[in-house]
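Trainee: The structure that follows is given in the form of structure tokens.
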Amino acid sequence: MLHKISLGISDIDRYRRVCHRELIDEVVSLGEELKGLRLCHINSTPFGGGVAELLVSFIPLLRGLGISADWQVIRGDHRFFTITKGLHNALQGAPFEAIKKESIRRAYLANNLANARELDTDYDVFIINDPQPAALRHFLPDHNSAKWIWRCHVDSSQPYDMVWNFLRPYIEGHDAAVFTTREFVPKDLCLARIATMAPAICAFTSKNMFIERELCRQLLENLGFDRSRPIITQVSRFDRWKDPFGTIAAYRMAKKKVPGLQLAMIGSFAQDDPESGDMYAAINTEANKDGDMFIYSNLTGMGNMEVNAFQRASDVVVQKSIREGFGLVVAEALWKETPVVAGNAGGIPLQMTGGLSDYLVDSIEECAEKIVFLLYHPEVCHRLGEEGKRIVTKNFLIPRLIRDELRLIKSLLGG
Ligand code: UDP
């Protein structure tokens, strides 16, 4: 059997303190209508990326609403995850010529077949996250009573044709597909139901719960930071689309105007990401050249609390992505009232609206310039922090996502 992640139950009522009453009432009422529904999310890693982060808080809240929710993780070896990383990159537009090879396509499908055989199929609704398990449904043709939803978490607005043509029939075998925004829906996707909903963060997990800023700064000091000097931080998987070298270049440029500036690069290794090791090594080489640049990972003790502390104690959070499905890290920093300078890419502009949009950047120079401006203007940081928290509170907390998903499921099940 596939690995089922062990999770508890949590109560949506705690959100009554932060969200509108109507929203929570609707979520509770959807839960009552769908009580007993057996729902299973499937993805390819239990840790180290946005999907895992989401499901850790999403599943317990669904359970608290009376839904019998689970999360199963598919298996794969290095070869499979190398292929699926190619598919992931290709959905975001990068070439992946290897898909021409019959052996590559066969390896992907053989893995999905093997996982389909091990899947616990006793559910009413499956939500398949991203391309890794996208062919599972194809291999379970007899399991037609369940509804299958494919959830895309990346910017697939301009996928690499050959890969998209390969994946499209498997995706179209689902009952519905979900994208973060309309713009991400590939033009020729042919499905009766295509829904859009942005991801969201949980306000109460150890990643986002309130911690006094003073305590956070102490924690950073224990790690070797000088708290009297400014700190900027980027938190993201070691992935080319997160542009870590762009961030490092912007930091170096900003440091000329802000001597003493310190940079923390916090990254994670996900089980389904074979490219992250090389990327980590290259960033580490850069960090070793500079006493004010620090690199941390989930393998060196950088857990949720630590990331929380960095997002709170940093003067500016940077997320210089060049492609981005959504960027939970942006919402996480904004929730903590920390100003963000981020790439004008994918789902990031959805979050950085109003005055925050002035800090969306298209180049290293612009990124450096905005960082410097914010470091010299704490009153602007303060204002942006408040605005950011308002935006997240209104649009990007998890009850809204639960509502959107349950509405979709209800309509798929025929009301
Ligand atoms: N994350 C983390 N530690 C790290 C790097 C990332 O906990 O070293 C978390 C981060 O806080 C966020 C998620 O992983 O919750 C990344 O989600 P995002 O949507 O930003 O990017 P993705 O990895 O899905 O592309």
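The values are calculated or read from the model by the stated rules, or taken from the named source; none is laboratory data. These numbers were taken from a predicted model, which means no experiment stands behind them. Ideal geometry is used to build each Cβ from the backbone, glycine not excepted, and the neighbour counts take in all protein chains shown.
Trainee: With respect to Ser145, determine if the residue is hydroxyl-bearing (Ser, Thr, Tyr) and either within 25 Å of Pro199 (Cβ to Cβ) or modelled with pLDDT of 95 or more (or both). Reasoning before the result, please.
Mentor: On the way: hydroxyl-bearing (Ser, Thr, Tyr): yes; either within 25 Å of Pro199 (Cβ to Cβ) or modelled with pLDDT of 95 or more (or both): no.
Taking the combined requirement at face value, the residue does not satisfy it.
Trainee: Also, I was wondering about something else. Pairs, please: C-beta under 7 Å, at least 6 apart or cross-chain, first residue of a type in the set (Phe, Trp, Tyr) and in the stretch 282-309, second in a helix (DSSP H, G or I)?
Mentor: Phe294/Ala287
Trainee: Return the pairs, sorted by first residue and then second, in which the second residue is exposed (fewer than 15 other Cβ atoms within 10 Å of the Cβ), the first residue lies in the stretch 101-123 and is among the polar types (S, T, N, Q), the beta carbons are less than 7 Å apart, and the residues are 6+ apart or on different chains.
Mentor: Partner pairs satisfying both residue conditions: Asn115/Arg75.
Trainee: Can I ask one more? List the residue pairs whose Cβ atoms are under 9 Å apart, where the first residue sits in the stretch 393-405 and is crowded, with 22+ Cβ neighbours inside 10 Å, the second is of a type in the set (S, T, N, Q) and modelled with pLDDT of 95 or more, and the two are 6 or more positions apart or on different chains.
Mentor: So the pair list comes out as Phe396/Gln351; Ile398/Ser57.
Trainee: Still on this structure: Report, by residue number, each residue of the stretch 104-119 that is within 17 Å of Ile42 (Cβ to Cβ) and of a type in the set (D, E, K, R).
Mentor: First, the residues of the stretch 104-119 that are within 17 Å of Ile42 (Cβ to Cβ): 108-109, 111-119.
Arg117, Glu118, listed by residue number.
Trainee: Let me confirm something: among Phe326, Phe310, which residue is under 27 Å from Ala270 (Cα atoms) and touching a Gly at 6+ places or on another chain (Cβ under 7 Å)?
Mentor: Working: Phe310 fails: touching a Gly at 6+ places or on another chain (Cβ under 7 Å).
Sole residue among the options that is under 27 Å from Ala270 (Cα atoms) and touching a Gly at 6+ places or on another chain (Cβ under 7 Å): Phe326.
Trainee: Just checking: which of the strands (runs of 3 or more DSSP E) contained wholly in the stretch 287-377 hold 2 or more residues that are surrounded by fewer than 24 Cβ atoms within 10 Å (Cβ to Cβ)? Even if it seems obvious, please write down each step before you answer.
Mentor: Details: elements: 293-297, 316-319, 340-343.
Because the criterion is at least 2 residues that are surrounded by fewer than 24 Cβ atoms within 10 Å (Cβ to Cβ), the strands (runs of 3 or more DSSP E) in the stretch 287-377 that meet it are 293-297.
Trainee: Oh, and also: Would you be able to tell me the number of residues in the stretch 306-318 that are more than 10 Å from the ligand (Cβ to nearest atom) and either within 24 Å of Val51 (Cα to Cα) or small (Gly, Ala, Ser) (or both)? Quick ask: steps written out before the conclusion?
Mentor: Initial filter on the stretch 306-318 (more than 10 Å from the ligand (Cβ to nearest atom)): 309, 312-318.
Among the residues that remain, those that are also either within 24 Å of Val51 (Cα to Cα) or small (Gly, Ala, Ser) (or both) are: 309, 312-314, 317-318.
So the count comes out to 6.
Trainee: State which residue is farthest from the ligand (Cβ to nearest atom) when the search covers only the stretch 141-189 and only residues that are more than 14 Å from Phe126 (Cα to Cα) and of a type in the set (Gly, Ala, Ser).
Mentor: The selected residue is Ser157.
Trainee: Among the helices (runs of 4 or more DSSP H) lying completely within the stretch 43-160, list those that include at least 2 residues that are among the acidic types (Asp, Glu) and crowded, with 21+ Cβ neighbours inside 10 Å.
Mentor: On the way: elements: 50-64, 78-91, 102-118.
In the stretch 43-160, no matching helices (runs of 4 or more DSSP H) lie anywhere.
Trainee: Continuing with the same structure: How about the stretch 261-273: which of its residues are surrounded by 18 or more Cβ atoms within 10 Å (Cβ to Cβ) and touching a residue at least 60 places away in the same chain (Cβ under 8 Å)? Quick ask: steps written out before the conclusion?
Mentor: At the first step, the residues of the stretch 261-273 found to be surrounded by 18 or more Cβ atoms within 10 Å (Cβ to Cβ) are 261-270, 272-273.
Within the stretch 261-273, Leu261, Ser268, Phe269, Ala270, Asp272, Asp273 meet the criteria.
Trainee: Does the stretch 184-193 hold any residues that are surrounded by 14 or more Cβ atoms within 10 Å (Cβ to Cβ) and not basic (Lys, Arg), and which are they? Spell out how you get there, then give the answer.
Mentor: From the stretch 184-193, those surrounded by 14 or more Cβ atoms within 10 Å (Cβ to Cβ) are 184-186, 189, 191, 193; that's our starting set.
Answer for the stretch 184-193, where residues must be surrounded by 14 or more Cβ atoms within 10 Å (Cβ to Cβ) and not basic (Lys, Arg): Phe184, Val185, Pro186, Leu189, Leu191.
Trainee: Could you tell me whether Gly8 is without any contact (Cβ under 8 Å) to a residue 60 or more places away in the chain, more than 29 Å from His138 (Cβ to Cβ) and in contact with an Asp or Glu (Cβ under 6 Å, 6 or more places away or on another chain)? Can you show your working first?
Mentor: Details: without any contact (Cβ under 8 Å) to a residue 60 or more places away in the chain: yes; more than 29 Å from His138 (Cβ to Cβ): yes; in contact with an Asp or Glu (Cβ under 6 Å, 6 or more places away or on another chain): no.
Against the criterion (without any contact (Cβ under 8 Å) to a residue 60 or more places away in the chain, more than 29 Å from His138 (Cβ to Cβ) and in contact with an Asp or Glu (Cβ under 6 Å, 6 or more places away or on another chain)), Gly8 does not qualify.
Trainee: Further question: Scan the stretch 266-296 residue by residue and report those that are within 9 Å of the ligand (Cβ to nearest atom), in contact with a helix residue (DSSP H, G or I) (Cβ under 7 Å, 6 or more places away or on another chain) and closer than 16 Å to Phe225 by Cα.
Mentor: Within the stretch 266-296, just Ile266 meets the criteria.
Trainee: Checking Leu384 against (1) within 19 Å of the chain's Cα centre (by Cα); (2) in a helix (DSSP H, G or I), which test does it fail?
Mentor: That leaves (1) as the condition not met.
Trainee: Let me ask something else. Mind checking which pairs have a first residue in the stretch 349-364 that is over 21 Å from Arg252 (Cα atoms) and a second that is among the acidic types (Asp, Glu), Cβ under 8 Å, 6 or more apart or different chains?
Mentor: Listed pairs, sorted by first residue: Gly354/Glu387; Gly355/Glu387; Leu356/Glu387.
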